[in-house]
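Visitor: Once you've had a glance at the structure underneath, I'll fire off some questions.
The values are calculated or read from the model by the stated rules, or taken from the named source; none is laboratory data. For clarity, every value in this text was computed on a predicted model and none was experimentally measured. Here the Cβ is made from the backbone with ideal geometry for all residues, glycine too, and neighbour counts use every protein chain on show. Calculation scope for accessible area: heavy atoms of the full protein, side chains included, ligands and nucleic acids excluded. Shrake-Rupley method; radii C 1.70, N 1.55, O 1.52, S 1.80 Å.
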Amino acid sequence: MAARRRRLPAGVRYGLRIGTAAAVLGAGLVVGFRRSGPLPPLGPFLDPVHGVWAVAAQAEVPTRIAVPTLADTVRVVFDDRAVPHVFARNEADAARVLGYLHAWFRLFQLELQTRVAAGRLAEWLGPSLLGFDRQQRALALAWSADREYERLAPESRLAAVLDAYAEGVNARIAELGPRDLPLEYRLLATRPAAWQPVHTLYLMKRMGYTLAYLPDELTYERLVQAVGPAAAAALLPVNSPIQQPIVPSPRTPRVDTLILPPPVLPLPARADSAVAWDPDPDRRDASNNWVVAPWRTADGHALLAGDPHLDLSLPSIWFEAHLVVPDTFDLYGVTFPGAPLVAIGFNRNVAWSFTNTGADVLDFYEEELDDPVRPSRYRVDGAWRPLESRIERYRGPDGRVLAQDTLYVTHRGPLRRADRHARSMRWTVLDAQNVEALREAGRARSVVEWLTAMEGFRAPIQNGLVADRGGDIAVLAAGAYPIRPPGGSGLSVWDGRTSASDWQGTLPPARYPYARNPTQGFLASANQQPLDPRVDPAYLGAAWPSPWRAMRINQLLRADSSVTPDDMRRFQTDPGSARADWFVPEFLAAVEREAAAGHASEDARTAARLLAAWDRRYTRTDERAVLFEYAMEALDGRTWDEFATGPARGYSPSSTILAILLRQPANRWWDDRRTADVLETRDVVLSESLAEGYRRAVTALGPPDGGGWRWDRVRHQNIWHPLRFRALSALEIPVQGGPGLLNPSAGSGTHGASWRMVVELGPDVRAWGVYPGGQSGNPLSAWYTDRLPRWVAGELDPLPFPATPDALPADRRLAEVVAVPVPRGGS
């Protein structure tokens, strides 16, 4: 069947339109052949035959797939959402065709991810990226991936699959003529590099960095300087003071006692311990998933929902695919462009999704070197050991060497030197790959088989929720949990001069946080602390994200004993807020007490009346959420004024700590040290923060009922193209969501639900899903942003799951391509 282009409904197109492209190109004509930053000379770029105009003429889906190394025929059927259903006769051919398709739709994304992990962006974008490249190489992501790939047995199944996938990517690259290059390569005046099998491991390492580079010990170090060790430990608690654990526990949610010691006078700031603060400490790559047992669903089938929240981009981090190899696997879900696996999805028997655990899998060690400038050895147990070293050269677009570094490695990991410190880093992400574990999990025929496969998963530790058609449901927080020396803390920098500081192994799988078929009939994870410390006090991490999302989804699931797939969909963008439920009554009660004492200002009383009328739901038409958020911002600034200056300048504790502080009305943290003659208490700070929030809202947005306070005029998602071109991005998108919600939206709006999925595990598996963007990385394609309107609306698309190529309904069929073995040099 010939490919056909689907026209999008009027008013729902985002990103680059043909008219926008013409405007961009017209402006470029003024520049002519001059270079503008990293962009190419625009003469060749505007060539009517080989330039950017050719991008619009490229086919939407391939009409021919030619991979010289194919062993057998592969049928690829594209449905009406441009999702390929790949029917191969062997695993290697499925990987080859998936590699080809990733390169067809997302070639620039493939190479960009590789260059980010390898620290090679300056080769494209010039010296301005040199600092970033140096940071990436110092983390040793590519170095550790290269080392792992070298250890792979050439005859292993994983090596064969990585090789096959690379063959597919390179087959597409080899056939690219000047007219076929993706837009970004034309903008950068370059051509794609060959894909190496190890690049898949580069991608997985970069994902490990995104999800598991959480150096809390550096934060703790600065806090100790700012407020003293006792207060620092309370601000970064090992256990969340509000417990709603992933593994169900009796009498939760529960508030545990946490007294915040008063801050002490700060120690002198040290420039060598600088920390870049996360502007949203509750983020930690927030994600949700939950699963419901058959006896709590309307149709008696297990239901699973998942929506991993990551940095949003156009094109999406995900590429949807259906892969079938008879008697081997039949998988549907989302893949990472760059990896031959379905990361989140379902097969004919099992469905699964992940959230990030956020466990502590990283430690730093203060090392003693033989020479602070040109070291060759480091001391352990009184004896000198040789440092491993490597030379890293950084090049610009013209191939010229911009800089050169000598990087060192101890037996623990990469060594980082700054001022007076030489610290090595032990990090599980550098230890092992997860590709094989994820691939094995996708073949599982039951929850038990899936859990067994995931015992081989190492890093980053993930909360995997799973359900099967037999009605089993389970959660496993799988990965390598370090066993530290007795009495040691994961929040401290260790003494590297003794081997007694080294890790003593990792927890066995039997100790992983786990639950199966709980009596409550459902399981939910939202990055909260996985285990109730009263049940298992083992150290897994610290500074856990606030449990507001976990509390809300547990509340929704407890209240519904007849859940439907559509309920699961609605929950993913539910506008209710456990955070607002906690703080709003405190604001109102404080103003009431201050008013009774004759102290509340008129602004505070006016704001309290407005806030009392709010239903605490962040719908797009709501006009009071903005007042609450301004008040929370003011409360944060007034409470944590200790961090306005000094060694921890800019730090903001999580909202969990602020919530606990509300129960300590006379705590010295409420006192604003900038008002030396006044001792503020909780009620004073709450009342004045609400008044300040009201004034800020009126100043910025106008009167409360003037229309400017509508949430959709204030809170937006921003989905940028990686090169940050506005015309290639989708910006200022109004959403139903907010801080701490199941659909979280905070800060710059660049973080959110990267994929939403609901699966019903009945006699025939049914599924629905959507991600923000589309299958294609071509900004002029109909498939670049076609899903975005439904993602914004909280809608999901039905996901066709045909058992054979001919089983896809005709009205859902876009095109079919038969890939056949082609001799090298053939056509």
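Visitor: Could you grab me the full set of residues in the stretch 665-686 that are over 24 Å from residue 581 (Cα atoms) and either open to solvent by 50 Å² or more (accessible area, probe 1.4 Å) or touching a His at 6+ places or on another chain (Cβ under 6 Å) (or both)?
Guide: First pass over the stretch 665-686, keeping only residues over 24 Å from residue 581 (Cα atoms): 668, 671-680.
Scanning the stretch 665-686 gives 668, 673, 674, 676, 677, 678, 679.
Visitor: Does residue 169 satisfy the condition of being touching an Asp or Glu at 6+ places or on another chain (Cβ under 7 Å), open to solvent by less than 20 Å² (accessible area, probe 1.4 Å) and part of a helix (DSSP H, G or I)? So that I can check it myself, show each step before the final result.
Guide: On the way: touching an Asp or Glu at 6+ places or on another chain (Cβ under 7 Å): no; open to solvent by less than 20 Å² (accessible area, probe 1.4 Å): yes; part of a helix (DSSP H, G or I): yes.
It is false that residue 169 is touching an Asp or Glu at 6+ places or on another chain (Cβ under 7 Å), open to solvent by less than 20 Å² (accessible area, probe 1.4 Å) and part of a helix (DSSP H, G or I).
Visitor: Provide a single number: the residues in the stretch 69-119 that are assigned to a loop (DSSP other than H, G, I, E, B) and more than 30 Å from residue 430 (Cβ to Cβ).
Guide: Restricting attention to the stretch 69-119, the residues satisfying the condition of being assigned to a loop (DSSP other than H, G, I, E, B) are 69-73, 80-83, 88-90, 119.
Subset that is more than 30 Å from residue 430 (Cβ to Cβ): 69-73, 80-83, 88-90.
Total meeting the criteria: 12.
Visitor: Please determine, by comparing only the residues of the stretch 406-434 that are in contact with a Ser or Thr (Cβ under 8 Å, 6 or more places away or on another chain) and among the basic types (Lys, Arg), which one is nearest to residue 380 (Cα to Cα).
Guide: The selected residue is 412.
Visitor: Please work out if residue 353 is open to solvent by less than 10 Å² (accessible area, probe 1.4 Å), in contact (Cβ under 8 Å) with a residue 24 or more places away in the chain and touching a Phe, Trp or Tyr at 6+ places or on another chain (Cβ under 8 Å). Please lay out each step first, then the result.
Guide: Numbers: open to solvent by less than 10 Å² (accessible area, probe 1.4 Å): yes; in contact (Cβ under 8 Å) with a residue 24 or more places away in the chain: yes; touching a Phe, Trp or Tyr at 6+ places or on another chain (Cβ under 8 Å): no.
For residue 353, the condition - open to solvent by less than 10 Å² (accessible area, probe 1.4 Å), in contact (Cβ under 8 Å) with a residue 24 or more places away in the chain and touching a Phe, Trp or Tyr at 6+ places or on another chain (Cβ under 8 Å) - is not met.
Visitor: I've got another one for you. So how many residues does the stretch 241-259 have that are more than 25 Å from residue 474 (Cα to Cα) and within 27 Å of the chain's Cα centre (by Cα)?
Guide: Matching residues across the stretch 241-259 total 1.
Visitor: Within 30 Å of residue 613 (Cα to Cα) and open to solvent by 40 Å² or more (accessible area, probe 1.4 Å): does that describe residue 700? Can you show your working first?
Guide: Values: within 30 Å of residue 613 (Cα to Cα): yes; open to solvent by 40 Å² or more (accessible area, probe 1.4 Å): yes.
Taking the combined requirement at face value, the residue satisfies it.
Visitor: Check off (1) closer than 30 Å to residue 188 by Cβ; (2) open to solvent by 70 Å² or more (accessible area, probe 1.4 Å); (3) in contact (Cβ under 8 Å) with a residue 24 or more places away in the chain; (4) among the basic types (Lys, Arg) for residue 393 and give me the number that stays unchecked.
Guide: Failed condition: (3).
Visitor: Give the residues of the stretch 595-618 that are open to solvent by 70 Å² or more (accessible area, probe 1.4 Å) and in contact (Cβ under 8 Å) with a residue 40 or more places away in the chain, sorted by residue number. So that I can check it myself, show each step before the final result.
Guide: Kept after step one, since they are open to solvent by 70 Å² or more (accessible area, probe 1.4 Å), are these residues of the stretch 595-618: 596, 599, 602, 605, 609, 613, 615, 617.
Within the stretch 595-618, 599, 617 qualify.
Visitor: Name the residue that is most open to solvent (accessible area, probe 1.4 Å), counting only residues in the stretch 634-664 that are part of a loop (DSSP other than H, G, I, E, B), of a type outside the set (A, V, I, L, M, F, W, C) and closer than 22 Å to residue 548 by Cβ.
Guide: Looking at residues that are part of a loop (DSSP other than H, G, I, E, B), of a type outside the set (A, V, I, L, M, F, W, C) and closer than 22 Å to residue 548 by Cβ, I get 663.
Visitor: Considering every residue within the stretch 188-207, establish whether at least one is closer than 26 Å to residue 101 by Cβ, open to solvent by 10 Å² or more (accessible area, probe 1.4 Å) and out of contact with any helix residue (DSSP H, G or I) (no Cβ under 7 Å at 6 or more places or on another chain).
Guide: Scanning the stretch 188-207, I find at least one residue that is closer than 26 Å to residue 101 by Cβ, open to solvent by 10 Å² or more (accessible area, probe 1.4 Å) and out of contact with any helix residue (DSSP H, G or I) (no Cβ under 7 Å at 6 or more places or on another chain), so the answer is yes.
Visitor: What are the pairs with Cβ atoms under 7 angstrom where one residue, in the stretch 47-72, is closer than 23 Å to residue 187 by Cα and the other, located anywhere, is at pLDDT below 65 and surrounded by 17 or more Cβ atoms within 10 Å (Cβ to Cβ)? Sequence gap at least six, or different chains.
Guide: Qualifying pairs under 7 Å: 51/45; 52/45; 52/46.
Residues checked against (1) modelled with pLDDT under 95; (2) farther than 17 Å from residue 287 by Cα; (3) not in a helix (DSSP H, G or I):
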| residue | (1), (2), (3) |
| --- | --- |
| 537 | yes, yes, yes |
| 549 | no, no, no |
| 569 | no, no, no |
| 588 | no, yes, no |
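Visitor: Let me ask another. Taking the stretch 699-713 as the search range and keeping residues that are under 13 Å from residue 624 (Cβ atoms) and part of a helix (DSSP H, G or I), which one is farthest from the chain's Cα centre (by Cα)?
Guide: Out of the qualifying residues, it is 701.
Visitor: Still on this structure, please answer the following. Out of the stretch 403-422, which residues are in a strand (DSSP E or B), open to solvent by 40 Å² or more (accessible area, probe 1.4 Å) and in contact with a helix residue (DSSP H, G or I) (Cβ under 7 Å, 6 or more places away or on another chain)? I'd like the intermediate steps shown before the answer.
Guide: Taking the stretch 403-422 and keeping what is in a strand (DSSP E or B), we get 403-409, 414-418, 421-422.
Now narrow it down to the ones that are open to solvent by 40 Å² or more (accessible area, probe 1.4 Å): 404, 406, 416-418.
Passing the criteria: 416, 418.
Visitor: Among 323, 310, which is the only one that is at pLDDT below 95, assigned to a strand (DSSP E or B) and on the phi < 0 side of the Ramachandran plot?
Guide: Just one listed residue meets the conditions, 310.
Visitor: Another one. Can you confirm whether residue 286 is among the small types (Gly, Ala, Ser), touching a strand residue (DSSP E or B) at 6+ places or on another chain (Cβ under 9 Å) and at pLDDT 95 or above? Show your work before the answer.
Guide: Details: among the small types (Gly, Ala, Ser): yes; touching a strand residue (DSSP E or B) at 6+ places or on another chain (Cβ under 9 Å): yes; at pLDDT 95 or above: no.
No, not satisfied.
Visitor: If you don't mind, another one. Could we say that residue 134 is under 23 Å from residue 426 (Cβ atoms), surrounded by fewer than 23 Cβ atoms within 10 Å (Cβ to Cβ) and free of Cβ contacts under 8 Å to residues at least 24 places away in the same chain here? Let's see the steps before the verdict.
Guide: On the way: under 23 Å from residue 426 (Cβ atoms): yes; surrounded by fewer than 23 Cβ atoms within 10 Å (Cβ to Cβ): yes; free of Cβ contacts under 8 Å to residues at least 24 places away in the same chain: no.
No: the conditions fail for residue 134.
Here's the yes/no breakdown for (1) hydrophobic (A, V, I, L, M, F, W, C); (2) open to solvent by 10 Å² or more (accessible area, probe 1.4 Å); (3) touching a strand residue (DSSP E or B) at 6+ places or on another chain (Cβ under 7 Å); (4) under 21 Å from residue 60 (Cα atoms):
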{"position": "765", "(1), (2), (3), (4)": "yes, yes, yes, no"}
{"position": "770", "(1), (2), (3), (4)": "yes, no, yes, yes"}
{"position": "781", "(1), (2), (3), (4)": "no, yes, no, yes"}
{"position": "784", "(1), (2), (3), (4)": "no, no, no, yes"}
{"position": "787", "(1), (2), (3), (4)": "no, no, yes, yes"}
{"position": "798", "(1), (2), (3), (4)": "no, yes, yes, no"}
{"position": "805", "(1), (2), (3), (4)": "no, yes, yes, yes"}
{"position": "810", "(1), (2), (3), (4)": "yes, yes, no, yes"}
{"position": "814", "(1), (2), (3), (4)": "yes, no, yes, yes"}
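Visitor: Also: Take the residues of the stretch 137-166 that are not acidic (Asp, Glu) and not in a helix (DSSP H, G or I): which is least open to solvent (accessible area, probe 1.4 Å)? Talk me through it step by step, then tell me what you get.
Guide: Taking the stretch 137-166 and keeping what is not acidic (Asp, Glu), we get 137-145, 147, 149, 151-154, 156-162, 164-166.
Subsequent filtering for residues that are not in a helix (DSSP H, G or I) retains 140, 152-154, 156.
Values: 140: 1, 152: 38, 153: 39, 154: 110, 156: 30 Å².
For the stretch 137-166, the residue satisfying everything is 140.
Visitor: Please note which strands (runs of 3 or more DSSP E) are completely contained in the stretch 742-827 and include at least 1 residues that are modelled with pLDDT under 95, acidic (Asp, Glu) and touching a Gly at 6+ places or on another chain (Cβ under 8 Å). Write out each step before concluding.
Guide: Working: elements: 751-753, 756-761, 765-770, 813-819.
Where strands (runs of 3 or more DSSP E) fall fully within the stretch 742-827, none carries at least 1 residues being modelled with pLDDT under 95, acidic (Asp, Glu) and touching a Gly at 6+ places or on another chain (Cβ under 8 Å).
Visitor: Filtering the stretch 458-495 down to residues that are among the small types (Gly, Ala, Ser), part of a loop (DSSP other than H, G, I, E, B) and modelled with pLDDT of 95 or more, which residue is surrounded by the most Cβ atoms within 10 Å (Cβ to Cβ)? First the steps, then the outcome.
Guide: From the stretch 458-495, those among the small types (Gly, Ala, Ser) are 459, 464, 467, 470-471, 474, 477-480, 487-490, 492; that's our starting set.
Filter once more, keeping what is part of a loop (DSSP other than H, G, I, E, B): 459, 470-471, 479-480, 487-490, 492.
Going one step further and asking which of them are modelled with pLDDT of 95 or more, we end up with 470-471, 479-480.
On the way: 470: 14, 471: 16, 479: 26, 480: 21.
Selected residue: 479.
Visitor: Is it true that some residue in the stretch 429-438 is in a strand (DSSP E or B), open to solvent by less than 30 Å² (accessible area, probe 1.4 Å) and not aromatic (Phe, Trp, Tyr)? It would help to see each step written out before you state the result.
Guide: So in the stretch 429-438, the residues in a strand (DSSP E or B) come out as none.
Among the residues of the stretch 429-438, not one is in a strand (DSSP E or B), open to solvent by less than 30 Å² (accessible area, probe 1.4 Å) and not aromatic (Phe, Trp, Tyr), which makes the answer no.
Visitor: With the requirement that a residue be open to solvent by 10 Å² or more (accessible area, probe 1.4 Å) and acidic (Asp, Glu), what does the stretch 517-559 give you?
Guide: Listed by number, the list holds a single entry, 536.
Visitor: Report, ordered by the first and then the second residue, all pairs with beta carbons closer than 9 Å, sequence separation of six or more or different chains, a first member in the stretch 637-661 that is farther than 19 Å from residue 693 by Cβ, and a second member that is among the basic types (Lys, Arg) and at pLDDT below 90.
Guide: Between residues of the stretch 637-661 that are farther than 19 Å from residue 693 by Cβ and residues that are among the basic types (Lys, Arg) and at pLDDT below 90, the close pairs are 642/673; 643/649; 647/270.
Visitor: Restricting the search to the stretch 732-741, which residues are touching a strand residue (DSSP E or B) at 6+ places or on another chain (Cβ under 9 Å), open to solvent by less than 10 Å² (accessible area, probe 1.4 Å) and either of a type outside the set (A, V, I, L, M, F, W, C) or outside any loop (DSSP other than H, G, I, E, B) (or both)?
Guide: The answer is 733, 737.
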